[in-house]
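A short worksheet on the structure shown next.
Computed from the coordinates by the stated procedures, all read-outs in this text should not be read as laboratory data. Small disclaimer: the values here were computed from a predicted structure and weren't measured. When we count neighbours, we look across all protein chains shown, and the Cβ atoms used for this are built from the backbone with ideal geometry, even at glycine.
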Amino acid sequence: MRSKIVAGNWKMNKTYQETKSFVKELTKEVKKVKLDNTRVIIAPSFTNLQKASKKTKGCKIEVAAQNMCAMESGAFTGEISASMIKNVHVDIVILGHSERREYFGETNESLAAKVNTALKNKLEVIFCFGEVLEDRKSKNHFKVVEEQIKEALFHLTSDDWKHIILAYEPVWAIGTGETASPEQAQEMHAFVRELVAERYISDVSEEVSILYGGSVKPANAKEIFSKEDVDGGLIGGAALKVDDFVALIKAI
Ligand code: PEP
């Protein structure tokens, strides 16, 4: 049975002190929730990964990095490698977030290289994809999403897919307050699952968790999460407050 996942992407938010107190409070709250098949993940900035991973040890909160360099090591000033992430006991990395694509020039091709490096280093990947508003308006959203997934992920083996989590994040819904309707989310998630089913054995498409991201908040989470092919959320703004984040965990 595929996992349900609530993952918080903190982006460039929270200092060391803020990370410490957030994790302390979150740990306390998460202990009170019956999680069953649900995974809870937080993705702080690089400088706070080590603290977060230490503080969450032994409780059911996992920690992810928000990005990673495709190169293993060497003269790449300012970059962080997969082994550096693993070294602070972090086993998950978010790749392909739309902000990385838009502001830092990441492409399907460069993301394929990052995915390879992550898997080689035994990192689980939360792979983000999604169309911009013009794509949806021109009814190109399925084509764009298909390309993003095929070009970055379809060279992988079925076994590799055990370490892939997908996150559909329509760019027009990220941080805008505008959410895809539960039906729009379900339609795209079902399309993606079918795409994966056509390329791989059915175990892969049935087992891969597909998260929705884009202005998910306590008020709309239940409805979105209730859709058959929506296995949870990748959350930005609402992941920055313990109360909201816990409400999302409960919603699932
Ligand atoms: C995100 O950045 O991954 C995201 C979904 O942000 P928000 O929830 O703020 O729209």
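Taking N as the residue count of segment 154-237, its C-alpha radius of gyration divided by 2.2 N^0.38 Å amounts to 1.11.
With the charge dipole of segment 128-220 set up from +1 on Lys and Arg Cβ and -1 on Asp and Glu Cβ about the Cα centre, the Cα lying farthest toward the positive end among the listed residues GLN184, ALA173, VAL145 is that of ALA173.
Relative to the Cα centre, the charge distribution of segment 4-251, modelled as +1 at Lys and Arg Cβ and -1 at Asp and Glu Cβ, gives a dipole magnitude of about 1380 debye.
Seen from every direction in turn and averaged, the convex hull around the alpha carbons of segment 4-251 projects onto 12.5 nm². Residue order for TYR103, TYR168, fewest other beta carbons within 10 angstrom first, comes to TYR103, TYR168.
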